[in-house]
Amino acid sequence: MDILITTKQIQKINVPDGSSIKHLGDLNVSDINEIEDIYDVIVGGFELKNLNFARLRNLKLVQLISSGYDYVDLSNASHVVLANARGVYSKAIAEWTLSTLLYELKGIRKIIENQRRKKWERKVNSEDLCDKRILVFGTGSIGQEFAKIMKFFNVHVDGVNSNGRPIDFFGKTYSLAESKSHIKEYDTFIFCLPSTKETINFIDEEAIVLFEPNSIIVNVGRGDLIKEEALYLRNDIRFILDVHFNEPLPEECKLWDMDNILVSPHISFQSSEYVNKLRELIQINISNVYYHRDIVNRV
């Protein structure tokens, strides 16, 4: 079995005897579409966005290193199975979301600012997490992990998914179509949605006015969920953004200088163990292809 790894994040994996592993960097190609049609499995991420899978007739599995899979087009390659990394990053992203929420609620931003100014000031605005009314958009593995953590803080969390189906760890669940009518009932919003035609620019100039002043919006899903122009309309809302409409965020972008926005460079998934978890998933699915078993995290 021949395996191609196109990402630098994964260097060494254990594979069945007789299998061959190659890394894209080792191939003499200037374009990913120049790779030979010899691979049974391709492991990669966003660099696969423009790959023409239809011509790779030998290919059996595309294993993504990301939870999102909207950037891969297999519409003309029905012979290929697509698997994502769902669950690998859930705990890390949920913990990152909690930490940045507490950073905002407990006035840590002000404390750091005062330290830099060598200013001893004990008057800092501090809010209680347990008093927050939280609505999570996306009740998949990330949303569920966050809701589970919130249970330890006795925080009630409701959720939004495609059709409003009930999900463990959430109180109420709304459909995406009806969710905007409930925004005024909450003050804290966690977005961990994939990029789809329904979610692109979901928060636009009209939707942003629905949020109450001093609300907190955390986005760890996709950057195209919030329209850029909408971000500039509400300086009375606190934004925590790990994903952005344009990555990397250009130096000239106004977001860098906005006091109500925390800009994070798409790192919420990182942890000391995520590479090991990802490697384990990849090895399992390569073995599943080899032994003709069901694929884990099949999309």
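Out of segment 179-197, which residues are surrounded by fewer than 15 Cβ atoms within 10 Å (Cβ to Cβ), of a type outside the set (Lys, Arg) and not in a loop (DSSP other than H, G, I, E, B)? Please lay out each step first, then the result.
Step one: of segment 179-197, the residues surrounded by fewer than 15 Cβ atoms within 10 Å (Cβ to Cβ) are 181-182, 184-185, 196-197.
Subset that is of a type outside the set (Lys, Arg): 181-182, 185, 196.
Selection gives SER181, HIS182, GLU185.
For segment 123-141, state whether one or more residues are polar (S, T, N, Q) and either within 25 Å of the chain's Cα centre (by Cα) or not assigned by TED's automatic domain parsing to the domain that holds ASP242 (or both).
So the first thing to find is which residues in segment 123-141 are polar (S, T, N, Q), and the list is 125-126, 139, 141.
Then drop every residue that is not either within 25 Å of the chain's Cα centre (by Cα) or not assigned by TED's automatic domain parsing to the domain that holds ASP242 (or both), which leaves 139, 141.
Scanning segment 123-141, I find at least one residue that is polar (S, T, N, Q) and either within 25 Å of the chain's Cα centre (by Cα) or not assigned by TED's automatic domain parsing to the domain that holds ASP242 (or both), so the answer is yes.
Is one or more of the residues making up segment 122-131 crowded, with 17+ Cβ neighbours inside 10 Å, in contact (Cβ under 8 Å) with a residue 24 or more places away in the chain and not hydrophobic (A, V, I, L, M, F, W, C)?
Checked against the condition, which is being crowded, with 17+ Cβ neighbours inside 10 Å, in contact (Cβ under 8 Å) with a residue 24 or more places away in the chain and not hydrophobic (A, V, I, L, M, F, W, C), segment 122-131 yields no hits at all.
For segment 13-36, which positions are closer than 24 Å to HIS292 by Cα and without any contact (Cβ under 8 Å) to a residue 12 or more places away in the chain?
Correct list: ASP17, GLU36.
With the condition kept exactly as written, say whether any residue in segment 269-278 is surrounded by 15 or more Cβ atoms within 10 Å (Cβ to Cβ) and free of Cβ contacts under 8 Å to residues at least 40 places away in the same chain. Explain how you work it out, then say what you get.
Looking only at segment 269-278, we keep the residues that are surrounded by 15 or more Cβ atoms within 10 Å (Cβ to Cβ), and these are 269, 271, 274-275, 277-278.
Then keep just the ones that are free of Cβ contacts under 8 Å to residues at least 40 places away in the same chain; that gives none.
There is no residue in segment 269-278 that is surrounded by 15 or more Cβ atoms within 10 Å (Cβ to Cβ) and free of Cβ contacts under 8 Å to residues at least 40 places away in the same chain.
Is at least one residue of segment 89-102 surrounded by fewer than 15 Cβ atoms within 10 Å (Cβ to Cβ), within 17 Å of the chain's Cα centre (by Cα) and under 30 Å from PHE152 (Cβ atoms)?
Within segment 89-102, one or more residues are surrounded by fewer than 15 Cβ atoms within 10 Å (Cβ to Cβ), within 17 Å of the chain's Cα centre (by Cα) and under 30 Å from PHE152 (Cβ atoms).
Quick check, is VAL41 surrounded by 20 or more Cβ atoms within 10 Å (Cβ to Cβ), within 24 Å of THR196 (Cβ to Cβ) and not hydroxyl-bearing (Ser, Thr, Tyr)? Break it down into steps so the answer makes sense when it comes.
Numbers: surrounded by 20 or more Cβ atoms within 10 Å (Cβ to Cβ): yes; within 24 Å of THR196 (Cβ to Cβ): no; not hydroxyl-bearing (Ser, Thr, Tyr): yes.
Answer is no for this residue.
Go through (1) farther than 24 Å from TRP96 by Cα; (2) part of a helix (DSSP H, G or I); (3) at pLDDT below 95 for ARG122 and report which single condition fails.
Among (1) farther than 24 Å from TRP96 by Cα; (2) part of a helix (DSSP H, G or I); (3) at pLDDT below 95, the lone unmet condition for ARG122 is (2).
Output the qualifying pairs, or none if there are none: Cβ atoms under 8 angstrom, residues six or more apart or on different chains, first residue in segment 241-254 and β-branched (Val, Ile, Thr), second residue modelled with pLDDT of 95 or more and assigned to a strand (DSSP E or B).
VAL243/ASN219
What number of residues in segment 37-67 are under 19 Å from the mean Cα position of the chain (by Cα) and either in contact (Cβ under 8 Å) with a residue 60 or more places away in the chain or part of a loop (DSSP other than H, G, I, E, B) (or both)?
Residues flagged as under 19 Å from the mean Cα position of the chain (by Cα) and either in contact (Cβ under 8 Å) with a residue 60 or more places away in the chain or part of a loop (DSSP other than H, G, I, E, B) (or both) within segment 37-67 amount to 7.
What do you reckon, is VAL263 closer than 24 Å to LEU129 by Cα and surrounded by fewer than 20 Cβ atoms within 10 Å (Cβ to Cβ)? Steps first, answer last, please.
Working: closer than 24 Å to LEU129 by Cα: yes; surrounded by fewer than 20 Cβ atoms within 10 Å (Cβ to Cβ): yes.
Against the criterion (closer than 24 Å to LEU129 by Cα and surrounded by fewer than 20 Cβ atoms within 10 Å (Cβ to Cβ)), VAL263 qualifies.
Is it the case that some residue within segment 165-173 is more than 16 Å from the chain's Cα centre (by Cα), buried (at least 16 other Cβ atoms within 10 Å of the Cβ) and over 22 Å from SER90 (Cβ atoms)?
no
So, in segment 24-38, exactly how many residues are loosely packed, with under 12 Cβ neighbours inside 10 Å and within 9 Å of THR6 (Cα to Cα)?
Residues flagged as loosely packed, with under 12 Cβ neighbours inside 10 Å and within 9 Å of THR6 (Cα to Cα) within segment 24-38 amount to 1.
Please work out if ARG117 is at pLDDT 95 or above and surrounded by fewer than 20 Cβ atoms within 10 Å (Cβ to Cβ).
Numbers: at pLDDT 95 or above: yes; surrounded by fewer than 20 Cβ atoms within 10 Å (Cβ to Cβ): yes.
So ARG117 passes the test.
Given the criteria buried (at least 22 other Cβ atoms within 10 Å of the Cβ), outside any loop (DSSP other than H, G, I, E, B) and without any contact (Cβ under 8 Å) to a residue 24 or more places away in the chain, does ALA147 qualify? Reasoning before the result, please.
On the way: buried (at least 22 other Cβ atoms within 10 Å of the Cβ): yes; outside any loop (DSSP other than H, G, I, E, B): yes; without any contact (Cβ under 8 Å) to a residue 24 or more places away in the chain: yes.
Here the answer is yes, as ALA147 does meet what is asked.
The values are calculated or read from the model by the stated rules, or taken from the named source; none is laboratory data. Keep in mind that what you see is a predicted model, and the values were worked out from it rather than measured. Here the Cβ is made from the backbone with ideal geometry for all residues, glycine too, and neighbour counts use every protein chain on show.
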